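**Q** Just dropping this structure here.
Taken together, the values in this text are just the output of simple stated rules run on the coordinates, not laboratory data. Note that the structure is predicted; figures quoted are calculated from it, not measured. Here the Cβ positions follow ideal geometry from the backbone for every residue, glycine too, while neighbour counts run over all protein chains shown.
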C-alpha cells in the first residue's frame, strides 16, 4: 500500500559472529561478575550478560539463547514455555482498523491482551488504554478519561477510543533508542529485544501514543497464568527494568491468527489484516470507510486506523 | 617524565589525605551522604525503579532533571574560558582551571544521574561505542553520551596537564593548551545543545518541541554555572593563599547580568508564544504556572523560580548592588535556585504532564530519589574538593616535584 522504510536485516549475519566473539573476550568474565554484583539479585548469568543484540546473533546463537530462555522460564514458572522465533511472512504488512462507532468501552480487549501477552499482573501492565471521550468534544485527549467506572457502558454522551501501539511507519521510539534495542520488522511490527534494552525510557518520552510501558518492578506473573506459546520478540515473560509494548500479538499473527484483542471484541469493532492483500477486510475498510489516524500531524504514519463503520 | 608522573600521582594522593580537622569533617560528611545514597541505590537496584515515583505517565523525573541542570553547570565553565583566553584578560586566567574542575565534577554527577536512571545498569556496556551498539547518528542520547564523555576527557586532560606542569616547575606548552582550551568552547556549547535536542526533537511532547529550547538552555546555564563559581572564588581566597582580584569577580558578575537578561527574555518569548496563541499546547504551561484540573503541585515552584530569577537579575544589573558582597552572594543563591527549579523539575515534569493521552499523573520524588541524588551530589562535591585540595598548592607553586616531599613530611597545619 505504501512505500516502506528500509528495514534492518532481521536475520543474524555470519560475519558478525567473530566480531561478537572478540567483544565478548574483551569484556571478560570480571565485568560480568561486577555486573552480577551490581544487579543485586545475583541471578545474572554470563551468557545473559554477554548476549548481543538479537539482530546480530547467528542462527546458532539464537538457538542457544532460546534454549537458555526456555530453561530459565521452566525454572521460574515450573512449566514448559515455548519461545519461537517465527520470521515475518513475505508479502505481509499488518494493518489494524478500529471502528469508533461500534466500540462500547467494555475493555475486554485490555484484559485479553494482558492474559495473552504475559504482562505483569500486579502492578498490571496494560498495552491497550481505552479512553472515554465526550461526544461534544470529539477526539480531544485533554478531555479523555482512562479510569471511567460506570455500572454500565457505553455511557450517555460518551464514546470510546482504545489506544495501543500504532505500529508507525516512522516510529519515533525506534529513532531515539540509543542502543538499537527496538526496531521495525518487515511486516510492520515494532518490536523490543528485552535482553538488549537498557531501560533508559527515551522511547517512552518519544511515543505520542503512550504505547510503551516499563517494568518498574519485577513483573508479577503467577505461574498458573503464564501463556506458554511465546515469541522472542513478543509475549515471552519479561525481566524487570525493560520497556515493552503491543506487538500485534506477533506470536499469533505470524501464524495466521488474529491478535487476542480482535478475537475477543464482542462488537466486531476491531479489524486486522494484511495491507498488501487487496481482498483483505482491512483494505475494504480503508477504501470504503471514513478513516483517520491519531495525531496524524506528527507524521508518525501509523498502520493503525480509526474509522466510522456506521 | 613517566617517573615524574607517577610521583605526581602519589604525591597528589598523599596531599588529598592530609588536612586539618575541618577538611576531614567535610570529607566525612560527604562520605556519609554517599553512603546514604549508595544504600538507597542498592535498594533501587534490588526492587527496580518502582521505588521511585516515576511511572509510565511521567517516565523521567528527579534524576533526569538534575542531570539536565548539571549539564548546564558543566557547560558554564566556558564563561570563564572565553574572557580569559579569547580576550587574553589576565585577572580571570588563573581561575580558568577552577572552571574546568567544576566542569569535571558536574560531568561526573551528570553521568551518575544517567546511570541511576536506567532500568538495567548491568547492560551499561550496550551504549559503549564499538563494544555495544550505539544508535548513532539517529539517537540524540547517543550524541549526548559521546559529547559528554569527550568534554569530560578534554577537561580532565587540560587540568591534569596544567597541574603536572606546575608540579614539575615547567611552563605549559601554549601551543598544546590553547587549541584545547579554545576547542572546549564549542564543546561546552555542544554538550548543552545536544542535551536540549534530546528533549527538543520529540514531537510527542509539545512543551519541549520549541526552537528556542537550546538557546534557553545555554542562557540559563551561563547564569547558574558562574553563580556557583562566584561563591566558590570568595571561599577560596579566604581559605587559601590564592589571590583572586575583586575585579575578576565583578567582571564575571557583569557578564552574568547580560546572560540573565537574555535568559529572562527567551523565557518570556516562549511564554508569550504559548499563552497568547492559546493552542492546545498551552496545557503544559498551564500545568506549570497555574495548575490544571486542580493539580497545582508545580505552581509554587514555578513562580518561586520566576521571582528568584527576576530578583537576581536586578541585583546583578545594578553595579552598586553587584559590587556589594552581601547582595552579590544573595543574587548568586537566587539565580542558582531559579535555574535549578526551571531546568530540573520545571522542564521535565510539565514536558510529560499531561501525558500523551491527556492523563495527569502527579509526580513528586520519593525518598529513594532524593537520597540517591544527595549521594551523587556528594560524589561531585567530593571530586571537586579533592581536586582543589591538590590543585591549589600546585597552582601557588608551593607544591612541586622538588618541594613537594619536604612539604608533605613537615607536620604543619594545612589550609583548606
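**Q** Mind pulling the angle between the C-alpha long axis of helix B:62-75 and the longest principal axis of chain B? Nearest 10 degrees, somewhere in 0 to 90.
**A** The two axes meet at around 50 degrees.
**Q** For the protein assembly as shown, give the share of DSSP beta bridges that are antiparallel, in percent and rounded to the nearest 5; count only bridges with both residues there.
**A** Beta bridges within the protein assembly as shown, antiparallel portion: roughly 75 percent.
**Q** Three principal axis extents, largest first, for the C-alpha atoms of the protein assembly as shown, in Å?
**A** Its Cα atoms span 86, 59, 42 Å along the three principal axes.
**Q** When Cβ neighbours within 10 Å are restricted to other protein chains, what is their mean count per residue of peptide B:42-48?
**A** Per residue, the number of nearby Cβ atoms from other chains is 4 on average.
**Q** Turning to a different aspect of this structure: At what distance in angstrom do the alpha carbon centres of the range B:308-340 and the range A:96-159 lie from each other?
**A** Cα centres, the range B:308-340 to the range A:96-159: 51 Å.
**Q** Relative to the longest principal axis of the C-alpha atoms of chain B, give the angle of the C-alpha long axis of helix B:367-395, reported between 0 and 90° and rounded to the nearest 10°.
**A** 30
**Q** Using a simple spin-label model with points 7 Å from Cα along the Cα→Cβ vector, what separation in nm is obtained for residue B:231 and residue B:177?
**A** 2.9
**Q** Pop the C-beta distance of residue B:10 and residue B:165 into the FRET formula with R0 = 22 Å and round what comes out to the nearest 0.05.
**A** Efficiency at R0 = 22 Å is approximately 0.80.
**Q** Roughly speaking, what is the stretch gain from residue A:135 to residue A:111, that is 0.36 nm per residue apart minus the C-alpha to C-alpha distance, in nm to one decimal?
**A** Contour length minus the Cα-Cα distance gives 6.1 nm.
**Q** Okay, next question. Report the paramagnetic label zone for residue A:122: residues of the range A:56-90 whose backbone N is under 14 Å from a point 7 Å from Cα along the Cα-to-Cβ axis.
**A** Under cut-off, by backbone N: nothing.
**Q** Averaged across A:232-243, how many Cβ atoms of other chains sit within 10 Å of each residue's Cβ atom?
**A** 2
**Q** Using R₀ = 30 Å, calculate the FRET efficiency as 1/(1 + (r/R₀)^6) where r is the Cβ-Cβ separation of residue B:239 and residue B:157; round to 0.05.
**A** 0.65
**Q** Per-residue counts of other Cβ atoms within 10 Å, averaged by peptide: what ranking do you get for B:202-215, A:151-164, highest first?
**A** Going from most to least packed, we get B:202-215, A:151-164.
**Q** For residue B:303 and residue B:17, FRET efficiency with R0 = 30 Å and r from the beta-carbon atoms, rounded to 0.05?
**A** Efficiency computed from Cβ-Cβ geometry: 0.05.
**Q** Is there a simple number for the mean count of other chain Cβ atoms within 10 Å of the Cβ of residues in A:134-142, and what is it?
**A** Per residue, the average neighbour count from other chains is 2.
**Q** Sticking with this one: By how many degrees, between 0 and 90 and to the nearest 10, does the Cα long axis of helix B:325-343 differ from the longest principal axis of chain B?
**A** 50
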